[in-house]
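S.K.: Can you keep this structure in mind? I'll have questions shortly.
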Amino acid sequence: QVQLAESGGGLVQAGGSLRLSCAASGNIFGIRSVGWYRQAPGKQRELVASIIRSGTPTYSDSVKGRFTISEDAAKNTVYLQMNTLKPEDTAVYYCNAVVPYQTSYWGQGTQVTVSS
């Protein structure tokens with residue numbers, strides 16, 4: 001079992017920045033990759049960034065160049081630095097950890113609201 005706890009969401013003006021954190025606990029040694037997803041009202045959940053353990057990160061086209069995913073192995077935490085935020089970035093952001101045997105775990109989500 002893996003437990004994930006997101007934090008760092010909030011209200012910010014367009015052009016501003018936020019840093020989200022995803023703290024993992026439990027069987028963290030089984031984690032193969034971590035991704036940040038978001039879900040806006042009335043829309044499907046989408047993957048915005050992911051990182052394989054000690055590997056190269058990947059980004060969706062909509063956030064490339066503005067968002068940065070990183071990990072601090074000592075703190076068992078993955079971050080999502082979000083810069084130059086836009087109103088269309090408004091969503092609930094979720095952290096997801098992938099482990100073997102086609103299993104993944106989700107956090108509870110953190111709300112990000114970008115005002116114009």
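Nothing in this text is a laboratory measurement; each read-out follows from the coordinates by a stated rule. Predicted model, so just to flag it, every value in this text is computed and none were measured. Cβ: placed from backbone, ideal geometry, glycine included. Neighbour counts: every protein chain shown.
S.K.: Principal axes first, then extents: for the Cα atoms of the chain, list largest minus smallest coordinate on each axis, whole Å, largest first.
M.R.: Here the spans come out as 41, 26, 23 Å, largest first.
S.K.: At Ser116 and Asp61, where each label point lies 7 Å from the Cα along Cα→Cβ, what is the point-to-point distance in nanometres?
M.R.: If labels sit at Ser116 and Asp61, their model points lie 2.3 nm apart.
S.K.: For Cα pairs less than 8 Å apart in space and 6+ apart in sequence, what is the mean separation divided by the residue count of region 6-106, i.e. the relative contact order in percent?
M.R.: In percent, rounded to a whole number, it is 35.
S.K.: Setting aside same-chain residues fewer than 8 positions from Lys86, which aspartates and glutamates have a Cα under 15 Å from its Cα?
M.R.: Asp61
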